[in-house]
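Colleague: Please see the structure below; I have some questions.
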Amino acid sequence: MTKLVRGFRDILAPQSDYFTEIESAARRVFKLAGADEIRIPTVELKELFVKSTGDTTDIVQKEMYSFEDAGGRTLALRPEGTPGVVRAYIENNFAANSPVQKLFYIGNMFRAERPQAGRYREFEQIGLEYIGSAAPAADAETILILKDIVTAFGIKNYSVKINSLGCPECRPAYKQELVKYLKKDFDALCDKCKERLERNPLRVLDCKIDGPRIAANAPKQKLCATCVEHFEEVKNLLNGRIDYTVDENLVRGLDYYTRTVFEFQAGDGAQNAIAGGGRYDGLVKSMGGPQVPAVGFAMGVERAIAARGEIAPKTENKIFVISLDKTCNAKAFEIMYSLRVKNICADGGLFDKNLKTQLKAADKAGAAYALLLGPDELAKNIFTLRDFKTGSQKEIKFENIYTEVKSLL
Ligand code: AMP
């Protein structure tokens, strides 16, 4: 038998119900905020991610599923949503249509990471890209939309960290200062941080090994006046609407962030980030588009489900239709199907099985009631309705079936 590929998973019920539940909650929240859904392809040219996600990131350096297609193009399975959305924004000339766009996506992402709890090679992200506004209000709104999704889905214990990474005016000087500081004690750095020092020195600050030690003594980011003003305004707009802490060591993994970054965390395990995001004012232009500012987030659906816990969603009361004899099958089928047409949840149809097996299946399916049809019932134009909870039975005339069933559910 051909088995599942390592690091990939089948998502079975009730897990699959949780996915639907969080997606519906997100869609509701996005619509309330005036965001439109965008569905982008799973595959893009690899260079899209190299140019946007950044060739200093782990995602691009080590984790991309890339391959050559028959036409000799180098393609990649998307490791995140932002590059595809920004490409579509530029290609569809969205900037000319409207100065501001809120675009949301729901889709699977692929990263060839070492499989472990909370880290999968295929996982789902729900994300928002709010493109066109440089205002601090857009940062605050983005964070609050994420909060509303998290709350609507029922996650209670989470914390929010925010920080400002500065802008092209104030960050380079800080980067230089930090590198100078880190080089003084280069040998003490972990292997990963030694590499990061050249590629992405800010990431040393949130390294699980070196981060806490370095962050305590390293020089702190000095934001320019405009960045300070921006960050203060973001905080003012968040105050009273969401609890958060400022974490000066929060840098996030991607290259393109400017100014505000944020992370929603739940629990204290290694994989505790349920969502993250930030502002990326330079990305659209660097990808060949106009100079438009943007801010966005991506939430990991598997992590969000783990943080919420497995609460089975409320299911509708189900009717299970049972036929006791070949002569009754056609009528039983008719009623089962017509209940569905009337928006009543009707399961069953195992008419070639005996009564015991059909009842067992009804139990497994979690049915609240069974409608039984045997030759005696058929002769009298009635069904027997069995209530599984009480064990009681009653007869229902064919012509009263919908009103009777509706009144039960
Ligand atoms: P990122 O795109 O790296 O900023 O990640 C955004 C969110 O996606 C994270 O906060 C996680 O919740 C989730 N995520 C990232 N990588 C994985 C993975 N390999 N498996 C499951 N969830 C992930």
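The values are calculated or read from the model by the stated rules, or taken from the named source; none is laboratory data. Bear in mind that the values here come from a model prediction, so they are computed numbers and not experimental data. All Cβ positions, even for glycine, are placed from backbone atoms using ideal geometry, and neighbour counts span all protein chains on display. We work out accessible area using only protein heavy atoms, side chains counted, and drop any ligands, DNA or RNA first. Shrake-Rupley method; radii C 1.70, N 1.55, O 1.52, S 1.80 Å.
Colleague: Could you please give the count of residues in region 107-118 that are open to solvent by 40 Å² or more (accessible area, probe 1.4 Å) and either aliphatic (A, V, I, L, M) or more than 16 Å from the ligand (Cβ to nearest atom) (or both)?
Modeller: Summing the residues that are open to solvent by 40 Å² or more (accessible area, probe 1.4 Å) and either aliphatic (A, V, I, L, M) or more than 16 Å from the ligand (Cβ to nearest atom) (or both) in region 107-118 gives 1.
Colleague: Right, something else. How many residues are outside any helix (DSSP H, G or I), open to solvent by less than 20 Å² (accessible area, probe 1.4 Å), in contact with a strand residue (DSSP E or B) (Cβ under 6 Å, 6 or more places away or on another chain) and not β-branched (Val, Ile, Thr) when one looks only at region 361-409?
Modeller: 7
Colleague: Only one residue in Lys314, Lys360, Lys318, Lys331 is in contact with a Cys (Cβ under 6 Å, 6 or more places away or on another chain) and basic (Lys, Arg). Which one?
Modeller: After ruling out the rest, the residue left standing is Lys318.
Colleague: Could you identify the single residue in Glu198, Glu169 that is farther than 15 Å from Val261 by Cβ, more than 26 Å from the chain's Cα centre (by Cα) and part of a helix (DSSP H, G or I)?
Modeller: Glu198
Colleague: Just to be sure, is Thr56 closer than 17 Å to Asp255 by Cβ and surrounded by fewer than 21 Cβ atoms within 10 Å (Cβ to Cβ)?
Modeller: So Thr56 passes the test.
Colleague: Then there is this: Any residue that is closer than 30 Å to Leu373 by Cα, at pLDDT 95 or above and touching a Ser or Thr at 6+ places or on another chain (Cβ under 6 Å) - is there at least one of those in region 314-328?
Modeller: no
Colleague: Of the conditions (1) part of a helix (DSSP H, G or I); (2) within 16 Å of the ligand (Cβ to nearest atom), Tyr174 fails just one. Which one is it?
Modeller: Answer for Tyr174: the failing condition is (2).
Colleague: Now for a different question. Anything in region 189-228 that is β-branched (Val, Ile, Thr) and open to solvent by less than 50 Å² (accessible area, probe 1.4 Å)? List them, or say none.
Modeller: If the condition is that a residue be β-branched (Val, Ile, Thr) and open to solvent by less than 50 Å² (accessible area, probe 1.4 Å), then Val204, Ile214 are the ones that fit.
Colleague: Name the single residue that is farthest from Gln101 (Cα to Cα) among those in region 4-23 being open to solvent by less than 50 Å² (accessible area, probe 1.4 Å) and of a type in the set (Gly, Ala, Ser).
Modeller: Ranking the candidates gives Gly7 first.
Colleague: Of the residues Pro14, Pro41, Pro79, only one is of a type outside the set (A, V, I, L, M, F, W, C) and within 16 Å of the ligand (Cβ to nearest atom); which?
Modeller: Answer to the selection: Pro79.
Colleague: I've got another one for you. If only one of Gly282, Gly288 is on the phi > 0 side of the Ramachandran plot and more than 16 Å from the ligand (Cβ to nearest atom), which one is it?
Modeller: Answer to the check: Gly288.
Colleague: Can you name the residue in region 27-67 that is at pLDDT below 95 and acidic (Asp, Glu) and, of all such residues, is farthest from the chain's Cα centre (by Cα)?
Modeller: Only one residue tops the list, namely Asp55.
Colleague: Turning to a different aspect of this structure: For region 252-273, name all the residues that are of a type in the set (A, V, I, L, M), modelled with pLDDT under 85 and surrounded by 21 or more Cβ atoms within 10 Å (Cβ to Cβ). If you could, list the steps in order and put the result at the bottom.
Modeller: Taking region 252-273 as the starting set, the residues that turn out to be of a type in the set (A, V, I, L, M) are 254, 261, 266, 270, 273.
Next cut, modelled with pLDDT under 85 only: 254, 270.
Leu254 - this is the single residue of region 252-273 that is of a type in the set (A, V, I, L, M), modelled with pLDDT under 85 and surrounded by 21 or more Cβ atoms within 10 Å (Cβ to Cβ).
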